Amino acid sequence: MTALAAFEEIIDISGVAPRIEALLPIGVRPRQLSVRTLLAGMCLAQADHRPAHLTRVHQTLTSLPGDEQRRLGVITEWKHGPHLLTYRQTERTFGLVTTALSKDEPDGLPSGPLQGICDALLEASIPAQFTGASTSLAVDWTDMDSFSRPPPARGGPCADPEASWGHRKNNLLRSEDELFYGWYLSAGIMVPEENGPAVPELARRATVSSCRHDPVRAFAPVLTAMPAAGIGLGDILDDSGYAHRDAGAWALPLRQAGAQLIQDLHPSDRGPKGTHDGAVIANGNLYCPATPRTLTELGPLARTATSWQAADWERQTAELARYKLGRLTRDDQDGYHRVACPAAMGKIRCPLRPASMRLDRDRPEILQPPQHPQACCTQQTITVPPEVNAKTRQKHDYPSAAWRRSYARRTGAERGFATAKDPATNDISRGWCRLMGLAPLMLFTATLLVVRNQRILHAWNARQQENQRRAASGLPPKTRKRRRKTLTALASAPP
C-alpha cells in the first residue's frame, strides 16, 4: 500500500472529512480543494520530512502523478480546459477549516470539534489488531515554540496572542528552567500491559494548549472522554509533574473514568503525611502507627544503585509492605472502602492483637505498641474516606519493586516525543510551523503524529518479519546491544 493510499484510508476511517465539510460555509461556486484532499496533502507533506507550511502542502499535491491529481481534484475541468490547483485555493480551504474549528473567543485551549477531529485521526491511524491490544498509556507533555516573536516587554500585541510564556528543561550545565514563548504538546503513548506482549508505541491521544494553561488540566478531559468513545482506560503512567497536582485536577477524574494510576511521587508528597484514625498516611497507603520511620521514608531506587544496594532496597520495601493496612473492600459509589490492621491479617506480630503473637517469628514484631491506641489498633476494621490519599493512591505500593517494574514503561512517552522531535524526520522546533493560532498548529500536529504512527508501524512490522525469519532459521530473536557502559559496570566486571 502506498503512502497516499494509507493516509486516505485513515482519513476515511476517521470520518473527519465530512464532519468538517458540514461546518464550512457554502460559497457561490464549489471549492476545488476538498477537506479530504487537504488532509491527505498535509499527511504527505509530513511524510516527506517537509515542514508544516501550506506551500509545502500545495507542492506535494501538485507533484502527484496526473491520474492521482485528477482523482483527488487537484486538476479539474474548467470552461477553458484543465485547471491546476493554486496556492491561493489551498490557503482558502485551510483558512475555512481553521476558522470553523476555532473558538469565537480564543483562550488557548482547543474547541470541542477540533479536539474531536484530532482524536478521530489518531485513533484511525491505529490498526484494528492493536486497538484492543493494550489500554495502558504513558503520558507526558513537551514544549512547542511559536514562530511569533514574544510580545514587547512594555506591552503590546504580537502575531500569536494565543501563545504564552512557558518553562522547559534545558541541556545546559545550570539547573534553571528555560523560558520559551509557545505551547505545550501533551500526548498519550500506547505501551504494553503489565506482563503482556509488546505493542508498537503509537500516539493514541494528543492535545495542544497555551502555556498560560496547566497542561495536566488540559489533557485530563481528553483521556476521561475515551470511555465514552468505547475505549477503556487501563494503567496511566505519569511522572511527578502530574502526581503533584491537586487530586481534582488529575487523580480523581481518571480514577472515576476507570483508570489506574502508576506515577512517581513528587519529593514533597513522599514519606509520612499525617494520620487517619491513628494509621500513618505515607506514599498513598495507610501503615501501622509503629512502622519504622526509615521504612516510610523510602524513596525510589537510584539509577546508579549497585546490585547489593538494589537487593537491600527490595528487602526494605518488602518489609514495609508487611506494615500496610490490608484492603478488604473495593470503593463504593461514594469512594469509601475498608481496611484492616496488618496484625489482624497475620502480617506482623503485635501485643494489641493477641492472636498475632502466635504467628511465626519470621514476621516483624511490634515491641513498643502505642500507649493510647486509636481506632486502627482497637477496631477490627476502619473506613477510609475518598479524601485520604486521594492524590497519591495508585495501583502498586510506592516505591516497591512491582511499582518500579511497571513504572519503567513510562519511557514510551519519552520515546514518542523523541521521534516527533527527530531532525532526521519531523523536527517540531521553532519554524516548523509558521502559522499562528491554535487550530492551524493542532491540525498540523495531528497529521504529524499520524505520520509518526505509520513510521512506527512500518518499523514494527519489519522487526516482526525479521524475528519470524530468524525463528524459521533456528536463530534466536535479534536483541539490541547496550550502547553505553557505566563506570559501575566496568568496576564490577571480573578481571
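The values are calculated or read from the model by the stated rules, or taken from the named source; none is laboratory data. This structure is a prediction, so every number in the text was calculated from the model and none was measured. Methodologically, a virtual Cβ is constructed for each residue, glycine included, from the backbone with ideal geometry; neighbour enumeration extends over all protein chains shown. Protein only, heavy atoms only, side chains kept; ligands, DNA and RNA dropped before computing areas. Shrake-Rupley method; radii C 1.70, N 1.55, O 1.52, S 1.80 Å.
Under 13 Å of direct C-alpha separation, and excluding same-chain neighbours fewer than eight residues apart, Lys421 reaches these aspartates and glutamates: Asp143, Asp145. Here's the picture: a label point sits 7 Å out from the Cα of Glu91 along the beta-carbon direction, and within the stretch 52-71 the residues with their amide nitrogen under 15 Å of it are 53-59.
With R₀ set to 35 Å, the beta-carbon distance separating Ser240 from Ser307 gives a calculated FRET efficiency near 0.85. The angle between the Cα long axis of helix 307-322 and the main principal axis of the chain comes to about 70°, on a 0 to 90 degree scale. Computed per residue of the chain from DSSP H runs no shorter than four, each worth -39500 (n - 2.57), the mean residue ellipticity at 222 nm is -11000 deg cm²/dmol.
Find the percent of Cα-Cα distances in the stretch 130-270 that exceed 21 Å, and round it to a whole number.
The calculated P(r) of the stretch 130-270 puts 50 percent of pairs beyond 21 Å.
What the stretch 341-463 shows is 47 Å² of accessible area per residue, with the surface traced by a 1.4 Å probe over protein heavy atoms. Could you tell me which residue out of Pro110, Thr60, Ile126 lies farthest along the dipole of the stretch 1-129 toward its positive end? Charges go on the beta carbon: Lys and Arg +1, Asp and Glu -1, centred on the Cα centre. Positive-most Cα among the choices belongs to Thr60. Temperature 37 °C, viscosity 0.692 mPa s: under these conditions the Stokes-Einstein estimate for the stretch 338-433, based on its Kirkwood radius over C-alpha pairs, is 182 µm² per second. Here the stretch 236-378 is treated as an ellipsoid with the same Cα gyration tensor; its semi-axes, largest first and in whole Å, are 27, 22, 13.
Between 0 and 90 degrees, rounded to the nearest ten: what's the tilt of helix 3-14 against the longest Cα principal axis of the chain? Computed tilt is about 70 degrees. Across every pair of non-identical alpha carbons in the stretch 1-111, the mean reciprocal distance, once inverted, gives a Kirkwood radius of 14.9 Å. Protein heavy-atom accessible surface, 1.4 Å probe, per residue over the stretch 68-145: 48 Å².
For Cα pairs less than 8 Å apart in space and 6+ apart in sequence, what is the mean separation divided by the residue count of the chain, i.e. the relative contact order in percent? Relative contact order, the chain: 17 percent.
Taking every protein chain into account, the accessible area of the stretch 241-317 amounts to 46 square angstrom per residue (probe 1.4 Å).
Once Rh for the stretch 327-387 is found with the Kirkwood sum over Cα pairs, what is the Stokes-Einstein diffusion coefficient at 10 °C and 1.306 mPa s, in µm²/s?
On the way: Rh = 12.7 Å.
Result for D is 125 µm²/s.
Reported to the nearest whole Å, the Cα centre-to-centre distance from the stretch 69-112 to the stretch 248-284 is 48.
Given the pairs Lys103/Lys395; Lys347/Lys391; Lys103/Lys391; Lys103/Lys169; Lys273/Lys395, which are separated by over 28 angstrom at their Cα positions?
Details: Lys103/Lys395 38 Å; Lys347/Lys391 26 Å; Lys103/Lys391 33 Å; Lys103/Lys169 31 Å; Lys273/Lys395 19 Å.
Among Lys103/Lys395; Lys347/Lys391; Lys103/Lys391; Lys103/Lys169; Lys273/Lys395, the Cα-Cα distance tops 28 Å for Lys103/Lys395; Lys103/Lys391; Lys103/Lys169.
Taking 0.36 nm per residue of separation and subtracting the Cα-Cα distance, full extension of the segment from Gln316 to Ala424 would add 34.3 nm. What the Cα atoms of the stretch 76-210 give is an Rg and a Dmax of 20.4, 66 Å. Each listed q (0.06 Å⁻¹) maps to a log10 I(q)/I(0) for the chain, found by the Debye formula over equal Cα scatterers with no solvent: -0.37. In terms of its Cα atoms, the stretch 344-495 spans 69, 56, 36 Å along the principal axes, sorted from long to short.
Taking 0.36 nm per residue of separation and subtracting the Cα-Cα distance, what length does fully extending Thr378 through Lys478 add?
Details: separation 100, 0.36 × 100 = 36.00 nm, distance 5.83 nm.
Once the chain is fully extended between Thr378 and Lys478, it gains 30.2 nm.
Of the solvent-accessible surface of the chain, computed with a 1.4 Å probe over protein heavy atoms with every protein chain present, carbon and sulfur atoms account for 53 percent. The length gained on full extension between Phe130 and Arg149, counted as 0.36 nm times the residue separation minus their Cα-Cα distance, comes to 2.7 nm.
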